[in-house]
Structure formats: C-alpha cells, structure tokens
Amino acid sequence: MNYFVTGGTGFVGRFLLEKLLARGGRVYVLTRPASISKFDAIRERLSANNESLIPISGDLTAPRLGLSDSDIQSLRGQVDHFFHVAAIYDLSASEKQQRAANVEGTRNAIECADVLEAGCVHHVSSVAVSGMYLGTFREDMFEEAENLNNAYYRTKHDSEAVLRKECRRPWRIYRPSGIVGHSQTGVIDKIDGPYYSFPMIEKLRSMPRWLPIPGVNAGSLNLVPVDFVVAALDYIAHQPGLDGGCFHLTNPRQYNATEMTNVFAEAAGAAPLSSRVTLNPMKPPISWLISLPPVQHLGRKLVERMGMPIEALKMMQWETQYDCSETQRALSGSGIEVPALESYADRLWDYWQQQLDPEQGQ
C-alpha cells in the first residue's frame, strides 16, 4: 500500500510517517527543497531506507503542490491514501499567510490528489472549524459554526469547506483538539496551549501548598496527546466503509483553566489553585470590560510578559464541547483511547522543564 503525505516533516506528520511505514509499502512525502535536511533527519531516526520513505519535491502553496510532470506521471494511480496534514498553526502568522497555507494549500492538495487519482483523501482539519460555538458541536455539524472571528478558526473552517465542495476523490475528515506532547515521552516541538501556564506553575512550586491561591474558571480546554491523534488517524483511515465521515479526535473529558492548571501543578509538585471564580468572558460585563482599550493594552502587556500571544488567551475562553461518538464507534475494538491527562501530565512537565523552559541554563 502506498501513501502520499503533506506536512510529513511537521510534529503530527513525523509520528504519522512512523505509523504508515510500519504498514509496509511506500510513503511519499511532500518536501520543500529547503526542508530536505529535516526530511533526511526523520528518515534516519525512523531507520527507513530510500525505497520506503521518499521525498517528493514541491510546495504547499503551488498548484498541484508544485509536483513535476515526471513525478505526477510516475505516481498517477499508485497512491492508495493521500494524507493532507500540512497547515499553519501559528497565532503570530497573518491572516494572509494562514489563508495561503490552510485554504489555498488544501485546494492545491485536492487538485494534486485528483491528478494522481489517489484512492482516498484524508484531511486533517481541527475542532477550530466550530468557531466559538456555544454548546456541543457534533461530528456531523459544519455550517452551524459560530463566531469565526479568529483567523485560524476562519481559515480552518474555509479549508474544510474547500474539501467538502471541491474534492472529487473519496475523503475523510479528522478534527483534533488541542494537541499536547507524546503521552509516553512528553515530546513536543513548541510551546503552545497549556504550556503557556508552565512558567506560572514553576513559580507556584516555591509557595506553600496550604496557601489559598485564586484561580479563574473561564473557558474549557480539550487536550489530546499526539500519539493518540496519530494512532486514531492511522486506524480510522484504514477501516472500510467510512468515506465521507468526519471524526473528532478529542477527549471526552474537558477541563476548565483551573482544573487543567491543577493537573500540571500536581505533576510539578506545586501548590494548586484553590479559590475559584467563574467568569464567562463572552457575556457582559466581562466582554465590555475586556473590550476597553486601556484594559486591552494592560492585558496585552501582562500576557506578553508571560510569553503568551494575546490570541492564545482568547482561545482559552473557548466554551465549546465536542461530541466524538463517531470516532469512538470507529475505534471500537482497537484498544485506542485517550489516556487521562493525569496519567501522563508528569511526562509533559518533565519534557518542558528539560527541553523548553526558557529559564533553564540562564
């Protein structure tokens, strides 16, 4: 069985390549010329040979992904599964950059899959397509999305719309929630999501555990480790009869900000947050207060001192719940399930402290 993968040198893509290689056949990876050294390092780490893991020169932003005529000719009819994983998730990126990668990149990938006569297109989307939907967003919902004010929400929603409307090959959609490090090793490639709270948790370690420390319950976070995401993606992609389906690769258990912080505080041996105030930042008077320019300016300064992009703080105000019934049915009998955050939070903490803590070595 042969595979074509975009985003294969990215965080999720690297783990997916390992899964696909274990199935045998050939794995073709879209690779920009500037990323060939990164590809070579991955191939060496996976102990793959030149005939099983093969770079295909191209670019996400080019028509047909920039594949040469000779590559198209040699790959046509040879790709059983086309995995489109590549996307921009960078809250500092402009909307123009995100649209070029997420929306036009998806369009180019679909065009490439069509030219290659690929068997099935597997599109890695995101729960961000729901926007800030108030309530439970099911796997069969799409047009119901609300409050797509953030550029990332908007471009992920639009990219999924492109697939739904323009893809002429069989397709399946996968919507992961917030992806954290590997549940066994803690490996992560950058600071994001809950990791922004880790410097604060580090400071809590010096405080007595009996001291009441206030926490604010605003928003709801859905976290999944990268190994669950790729295991579920790989398994569902190879199950028959699921074309046209959409699957939420999410955690049935969500955490508010205080609950999440306390899970990691426990892993770090830090004092927990105890006094809890529940705020809904989407409703008056909070929404009015945070809209005031002086408050926004002060908030931006405080958030920047924490190393957190202001857009990341807004995303932590998410209240949407995600139903994953279809995913659970598809995974039934596989043994693949989301591990409890409490069972691997210490590994995420240890990896961050050893590899990503900006104060280490200073």
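Take every Cα pair under 8 Å whose residues are at least 6 apart in sequence, average their separation, divide by the length of the range 26-163, and the relative contact order is 23 percent. Applying a threshold of 25 Å to the alpha-carbon distances of LYS19/LYS190; LYS19/LYS165; LYS38/LYS190 flags LYS19/LYS165 as lying beyond it. The H on the amide N of ILE56, modeled in the peptide plane, is under 5 Å from the matching H of VAL29, LEU30, THR31, each at least 5 residues off or on a different chain.
The value of relative contact order for the range 100-194, using C-alpha pairs under 8 Å at least six residues apart, is 39 percent.
Split the accessible area of the range 92-147 by element, probe 1.4 Å, and carbon with sulfur accounts for 47%.
A straight line joining the Cα centroids of the range 13-88 and the range 251-274 runs 38 Å. ALA231 sits among other residues whose Cβ lies under 10 Å from its own Cβ, and their net charge, with Lys and Arg +1 and Asp and Glu -1, is -2.
Between GLU166 and SER47, the FRET efficiency estimated from the beta carbon spacing at R0 = 30 angstrom works out to 0.20. Computed with a 1.4 Å probe on the full set of protein chains, the accessible area for LYS190 sits at about 80 Å². In this structure, the amide hydrogen of GLY178, modeled 1.01 Å from its nitrogen in the peptide plane, lies closer than 5 angstrom to those of ASN222, VAL224, counting only residues at least 5 positions away or on a different chain. Spin-label model, SER206/GLU143: points 7 Å from Cα along the beta carbon direction are separated by 5.7 nm. Rounded to the nearest 0.05, the FRET efficiency derived from the C-beta distance between ALA340 and ASP69 at R0 = 45 Å is 0.35. The residues packed around ARG253, meaning those with a beta-carbon under 12 Å from its beta-carbon, carry a net charge of -3 if Lys and Arg are +1 and Asp and Glu are -1. For the range 83-153, the square roots a ≥ b ≥ c of the C-alpha gyration tensor eigenvalues yield an a/c of 1.5 or more together with a/b not exceeding b/c, which makes the shape oblate. The residues neighbouring GLN328, those whose beta-carbon lies less than 11 Å from its own, together hold a net charge of -3 under the Lys/Arg +1, Asp/Glu -1 convention.
The mean of 1/r over all pairs of different alpha-carbon atoms in the range 28-95, once inverted, gives a Kirkwood hydrodynamic radius of 13.7 Å.
3J(HN,Hα) couplings calculated from phi for the range 224-229 with the Karplus curve 6.51 cos²θ - 1.76 cosθ + 1.60 (θ = phi - 60°) are, in sequence order, 9, x, 4, 5, 5, 4 Hz; Gly and Pro show x.
The values are calculated or read from the model by the stated rules, or taken from the named source; none is laboratory data. Because the structure is a prediction, the values reported are computed rather than measured. Heads up, the Cβs are rebuilt from the backbone with ideal geometry, glycines too, and the neighbour counts pull from every protein chain shown. Calculation scope for accessible area: heavy atoms of the full protein, side chains included, ligands and nucleic acids excluded. Shrake-Rupley method; radii C 1.70, N 1.55, O 1.52, S 1.80 Å.
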